[in-house]
Amino acid sequence: MKFAKMQGTGNDYIYVNCFEETVFDPPAAAKFLSDRHFGVGSDGLVLIEPSDRADFKMDIYNSDGSRARMCGNAARCVAKYVCDNGLTDKSLISLETPGGIKYIDTYKENGKVVSARVNMGAPILKSQDIPALFDSDTVIDLPLKVGEKSYRVTCLSMGNPHCVVFSNDADSVNIQKTGPEFENHPAFPDRINTEFVQPLSGSRIKMRVWERGAGETLSCGTGACAAAAACILNGYCKRDTDIAVTLRGGELSVNWSADGAVYLTGPAVTVFTGEIACCGGAR
């Protein structure tokens, strides 16, 4: 099976062109390929497929084999893949995802896509639609006890569920302990992605992320969008402003526009391409 390893600010996935390849058991393939010692090594597996609703379809599987609903970093890399490999000549690409259809503007240098801007849609704030089990219609700066500690949290969905926690020092968070406690908290029936966010100014924030099904990753595009939106909802930043989000893997730009949509801009990079003989359910 042929594949490409790609990354957006360090959030790396294995990409398979399912116009040419077949993956019979994606959860098993994701677990095998993602293993950084015995596989290729990645945060998960992305299948690029035909769509009858958009230009292309993206199916995403986390490194533990669970299915993801959306990934902003992966969406940019899919756009790069289909453009760079001649699957389309469009610069604006529509992409079907489990979290809805997304529209991606691509930016090229020397004929290759180097970055992209994804229309991530409007944040979902209703608690029942996230889902988050709170006794309120929205979850903005509400208390939540996690483990032995009480936190103030803001929850929303960007096609997948997020819980944002503000911190004076994101680097000091014991994320290996706290991340799983949030992910598996009973308030979140579908588990949760958790962002630990340190506001730096009205247009710059720093964050670390614990992703459900993957653990701490260097970057999360939907998480950056959720973090920026939460900063706006809590008065740290303003709408219709480019917010620089610094992650362990680099920097993304997020803008919650006056039109209601959140726009995510960042790089897309091909690390290498390869071929593997056997990968747990693929051929």
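Having 1 or more residues that are free of Cβ contacts under 8 Å to residues at least 40 places away in the same chain and more than 16 Å from the chain's Cα centre (by Cα) is the bar; report the strands (runs of 3 or more DSSP E) wholly within segment 128-211 that clear it. Of the strands (runs of 3 or more DSSP E) lying wholly inside segment 128-211, those with at least 1 residues that are free of Cβ contacts under 8 Å to residues at least 40 places away in the same chain and more than 16 Å from the chain's Cα centre (by Cα) span 139-146, 149-157, 161-166, 193-201. Evaluated against (1) more than 22 Å from D169 (Cα to Cα); (2) over 16 Å from the mean Cα position of the chain (by Cα), T265 falls short on exactly one condition, (2). Taking (1) assigned by TED's automatic domain parsing to the domain that holds N11; (2) touching a Leu at 6+ places or on another chain (Cβ under 9 Å) in turn, V139 satisfies each apart from (1). Which members of segment 13-68 meet the condition of being polar (S, T, N, Q) and either in a helix (DSSP H, G or I) or surrounded by 19 or more Cβ atoms within 10 Å (Cβ to Cβ) (or both)? Scanning segment 13-68 gives S34, S42, N62, S63.
Here's the yes/no breakdown for (1) surrounded by fewer than 16 Cβ atoms within 10 Å (Cβ to Cβ); (2) outside the structural domain of D12 (by TED's automatic domain parsing); (3) more than 25 Å from G44 (Cβ to Cβ):
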position	(1), (2), (3)
M158	no, yes, no
V164	no, yes, no
Q176	yes, yes, no
F182	no, yes, no
I192	no, yes, no
P199	no, yes, yes
K206	no, yes, no
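Across segment 21-67, what is the number of residues that are of a type in the set (F, W, Y) and without any contact (Cβ under 8 Å) to a residue 12 or more places away in the chain? The total comes to 1. Evaluating Y103 against the criteria (1) assigned to a strand (DSSP E or B); (2) touching a Phe, Trp or Tyr at 6+ places or on another chain (Cβ under 9 Å); (3) of a type outside the set (D, E, K, R) leaves one unmet condition, (2). Filtering segment 79-100 to residues that are in a helix (DSSP H, G or I) and in contact (Cβ under 8 Å) with a residue 60 or more places away in the chain leaves A79, K80, Y81, D84. Can you name every residue in segment 212-235 that is in a loop (DSSP other than H, G, I, E, B) and not aliphatic (A, V, I, L, M)? Correct list: R212, G213, S219, C220, N234, G235. When segment 83-99 is limited to residues that are hydroxyl-bearing (S, T, Y) and surrounded by fewer than 19 Cβ atoms within 10 Å (Cβ to Cβ), the one that is farthest from T9 (Cα to Cα) turns out to be T88. The condition of being crowded, with 17+ Cβ neighbours inside 10 Å and over 20 Å from N160 (Cα atoms) holds for only one of K108, K102, K80, that being K80.
For every residue, the table says whether it meets (1) modelled with pLDDT of 95 or more; (2) in contact with an Asp or Glu (Cβ under 6 Å, 6 or more places away or on another chain); (3) surrounded by fewer than 17 Cβ atoms within 10 Å (Cβ to Cβ); (4) outside any loop (DSSP other than H, G, I, E, B).
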position	(1), (2), (3), (4)
K238	yes, no, yes, no
T246	yes, no, no, yes
S253	yes, yes, no, yes
Y263	yes, no, no, yes
G266	yes, no, no, yes
F272	yes, no, yes, yes
C278	no, no, yes, no
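The values are calculated or read from the model by the stated rules, or taken from the named source; none is laboratory data. The model shown is predicted, which means the values in this text are computed figures rather than measured ones. So basically every Cβ, Gly included, is an ideal-geometry build from the backbone, and we count neighbours across all protein chains shown.
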